[in-house]
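Since the structure comes first, as structure tokens, the remarks are kept for the end.
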Amino acid sequence: QLQASGGGLVQPGGSLRLSCAASGRIFSINTMGWYRQAPGKQRELVAALTRGGSTNYADSVKGRFTISRDNAFKTMYLQMNSLKPEDTAVYYCNYVVLGGAYWGQGTLVTVSS
């Protein structure tokens, strides 16, 4: 139900914009978020956006990443600026809904010169 896109190879200092599109109508969304998992590491929360519009960011991305969504809750975005090699990971989108959660399939972001 969720399709993540926008990943790719970018040089350090560059920018990427990830998108997460819902293929159908998803009801009772509480929180929308982006997670990432680097090789050999656990999946971690990168950014979250509540239904009411509050945001939360991992300390490592504060000031560089911005999470947003459209008014219909159909698409979520992650604008990533000033990318660093340590941002390299597979990025997953997540919607927390009443009674469960949806995950996207992941999109690979590689930051390398």
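Worth pointing out:
- Stokes-Einstein, applied to the Kirkwood radius of the stretch 29-71 over Cα pairs at a viscosity of 0.890 mPa s and 25 °C, places its translational diffusion at 220 µm² s⁻¹.
- Estimated dipole of the stretch 2-113 in Debye, rounded to 20 [Cβ of Lys and Arg +1, of Asp and Glu -1, Cα centre]: 160
- Were the residues from Asn71 through Leu108 laid out at 0.36 nm apart, the gain over their Cα-Cα distance would be 10.7 nm.
- Mean separation of Cα contacts under 8 Å (6+ apart) over length of the stretch 53-113, as relative contact order %: 24
- Probe 1.4 Å, accessible area per residue of the stretch 3-99, Å²: 53
- Structural descriptor for the chain: relative contact order 38 percent, calculated from alpha carbon pairs under 8 angstrom and at least 6 residues apart.
- Mean projected area of the Cα convex hull of the stretch 1-42, taken over all directions, amounts to 4.5 nm².
- Carbon plus sulfur fraction of accessible area for the chain, probe 1.4 Å, in percent: 47
- Hits among lysines - C-alpha to C-alpha of Lys41 under 24 Å, sequence gap 8 or more where chains match: Lys62, Lys84
- Taking label positions 7 Å along the Cα-Cβ direction at both Leu98 and Asn56, the computed distance is 2.1 nm, reported to one decimal.
The values are calculated or read from the model by the stated rules, or taken from the named source; none is laboratory data. Keep in mind it's a predicted model, so treat the numbers as computed, not measured. Glycine gets a Cβ as well: all are built from the backbone with ideal geometry, and neighbour counts include every protein chain shown. Heads up: the accessible areas ignore ligands, DNA and RNA and are worked out on the full protein's heavy atoms, side chains in. Shrake-Rupley method; radii C 1.70, N 1.55, O 1.52, S 1.80 Å.
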